[in-house]
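**Student:** Sharing a structure here in structure tokens format.
The values are calculated or read from the model by the stated rules, or taken from the named source; none is laboratory data. All of these numbers come straight from a predicted model, not from anything done at the bench. Because the Cβ atoms are built from the backbone with ideal geometry, glycine has one as well, and the counts that use them run over all protein chains shown. We work out accessible area using only protein heavy atoms, side chains counted, and drop any ligands, DNA or RNA first. Shrake-Rupley method; radii C 1.70, N 1.55, O 1.52, S 1.80 Å.
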Amino acid sequence: MNAQTNAQADTGGRTNTGGNSTMGAVGRDLTWDEWYAERDRIWSGRPNDVLVRETEGLRPGRALDLGCGEGADAVWLAGQGWRVTAADISCVALDRAAEHAVEAGVVDRIDWQRHDLGVSFPEGAFDLVSAQFLHSYGDLPREEILRRAADAVAPGGTLLIEGHSGPAPWDDDQGHGQGQDGDDRHGQNGDHGHGHGHSNGHASGHDELHLPSPDEVVAALRLPEGEWEVLLSEEHRRTQTGPDGTPAIRTDNTVKLRRRAL
């Protein structure tokens, strides 16, 4: 990890060497750092479309990017005037993200932090908390992580959660991805997904994965009554490139909430 990355996470005794999930594109014996190291770049380098669309009109303040990967979302937010805390579990991904920030001229606006989000979580209150495709096979405590994400939103701030509503059309009959190049986490469409919390630090690809509906996401947050406003809770379809290079339609969902000001 280079000097521009802040390795301050509590590993909780876990082997904290992993990174973003490919939901089946890598095997049990491959750590996230090893997976990132296989190629010079995994994601497209472009920010997620939903993040760009749903932050339009928001006044830049402090932002938290959970599962930042190679940093496309964090760098884009910093370029829009946000001061960003960006967390991921992979040192390799974080180093690449820091390099991206240098190239974009926003290195002084981003604090890169290494976290296994099932064990540790960035400190502070944020005007925007973003969790884009925070899915992973294995023991990822996703609902718990998203509740912590909600707790980190400052009064008047926004929580933005993007996820899949079902498996990719090219998945096999067990619902597991068959390749890296066509997976949406490879960034064919500018988006990338993030999975954290594996206690063994490996990218497991054969456990059951529940992809909740937007209503299930909101319910699992257990938000205090009267403190939040649901701005958006819906499914939407988009075109995604499959492993063989063929475009296909996939259904995702977006949850956007605003914490009421005091």
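**Student:** Is it true that some residue in the range 95-109 is in a strand (DSSP E or B), in contact (Cβ under 8 Å) with a residue 24 or more places away in the chain, open to solvent by less than 10 Å² (accessible area, probe 1.4 Å) and farther than 23 Å from His210 by Cα? Don't jump to the end; show me each part of the working.
**Tutor:** Here is the first cut: in the range 95-109, the residues in a strand (DSSP E or B) are none.
No, the range 95-109 contains no residue that is in a strand (DSSP E or B), in contact (Cβ under 8 Å) with a residue 24 or more places away in the chain, open to solvent by less than 10 Å² (accessible area, probe 1.4 Å) and farther than 23 Å from His210 by Cα.
**Student:** Then there's this: Checking the conditions here, which among Gly179, Gly195, Gly205, Gly105 is small (Gly, Ala, Ser) and at pLDDT 95 or above? Full working, then the answer.
**Tutor:** Numbers: Gly179 fails: at pLDDT 95 or above; Gly195 fails: at pLDDT 95 or above; Gly205 fails: at pLDDT 95 or above.
Answer to the selection: Gly105.
**Student:** Let me ask another. Applying the selection to the range 208-242, what residues are within 17 Å of Glu143 (Cα to Cα), at pLDDT below 85 and out of contact with any Phe, Trp or Tyr (no Cβ under 7 Å at 6 or more places or on another chain)?
**Tutor:** Answer for the range 208-242, where residues must be within 17 Å of Glu143 (Cα to Cα), at pLDDT below 85 and out of contact with any Phe, Trp or Tyr (no Cβ under 7 Å at 6 or more places or on another chain): just Glu208.
**Student:** Quick check: anything in the range 140-148 buried (at least 19 other Cβ atoms within 10 Å of the Cβ), among the basic types (Lys, Arg), touching a helix residue (DSSP H, G or I) at 6+ places or on another chain (Cβ under 8 Å) and at pLDDT 95 or above?
**Tutor:** No, there is no match, as no residue in the range 140-148 is buried (at least 19 other Cβ atoms within 10 Å of the Cβ), among the basic types (Lys, Arg), touching a helix residue (DSSP H, G or I) at 6+ places or on another chain (Cβ under 8 Å) and at pLDDT 95 or above.
**Student:** Here is a further query. Can you tell me which residue in the range 110-119 is farthest from Gly61 (Cα to Cα), limited to those that are open to solvent by less than 10 Å² (accessible area, probe 1.4 Å) and in contact with a Lys or Arg (Cβ under 9 Å, 6 or more places away or on another chain)?
**Tutor:** Among those residues, the one meeting the criterion is Asp116.
**Student:** While we're looking at this one, here's another question. Can you tell me which of (1) open to solvent by less than 30 Å² (accessible area, probe 1.4 Å); (2) at pLDDT below 95 is the one Pro169 doesn't meet?
**Tutor:** Single failed check for Pro169: (1).
**Student:** Need the failing condition index for Ile249 against (1) touching a strand residue (DSSP E or B) at 6+ places or on another chain (Cβ under 7 Å); (2) farther than 20 Å from Val129 by Cβ; (3) not in a strand (DSSP E or B); (4) not polar (S, T, N, Q), just the number.
**Tutor:** (3)
The rows are residues; the columns are (1) under 13 Å from Val50 (Cβ atoms); (2) in contact (Cβ under 8 Å) with a residue 60 or more places away in the chain; (3) under 22 Å from the mean Cα position of the chain (by Cα).
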{"site": "Glu229", "(1), (2), (3)": "no, no, no"}
{"site": "Glu234", "(1), (2), (3)": "yes, no, yes"}
{"site": "Thr239", "(1), (2), (3)": "no, no, yes"}
{"site": "Lys256", "(1), (2), (3)": "yes, yes, yes"}
{"site": "Arg260", "(1), (2), (3)": "no, yes, no"}
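**Student:** Do we have Arg259 as modelled with pLDDT of 80 or more and open to solvent by less than 60 Å² (accessible area, probe 1.4 Å) here? If you could, list the steps in order and put the result at the bottom.
**Tutor:** Details: modelled with pLDDT of 80 or more: yes; open to solvent by less than 60 Å² (accessible area, probe 1.4 Å): yes.
Considered against the rule, which asks whether it is modelled with pLDDT of 80 or more and open to solvent by less than 60 Å² (accessible area, probe 1.4 Å), Arg259 comes out as yes.
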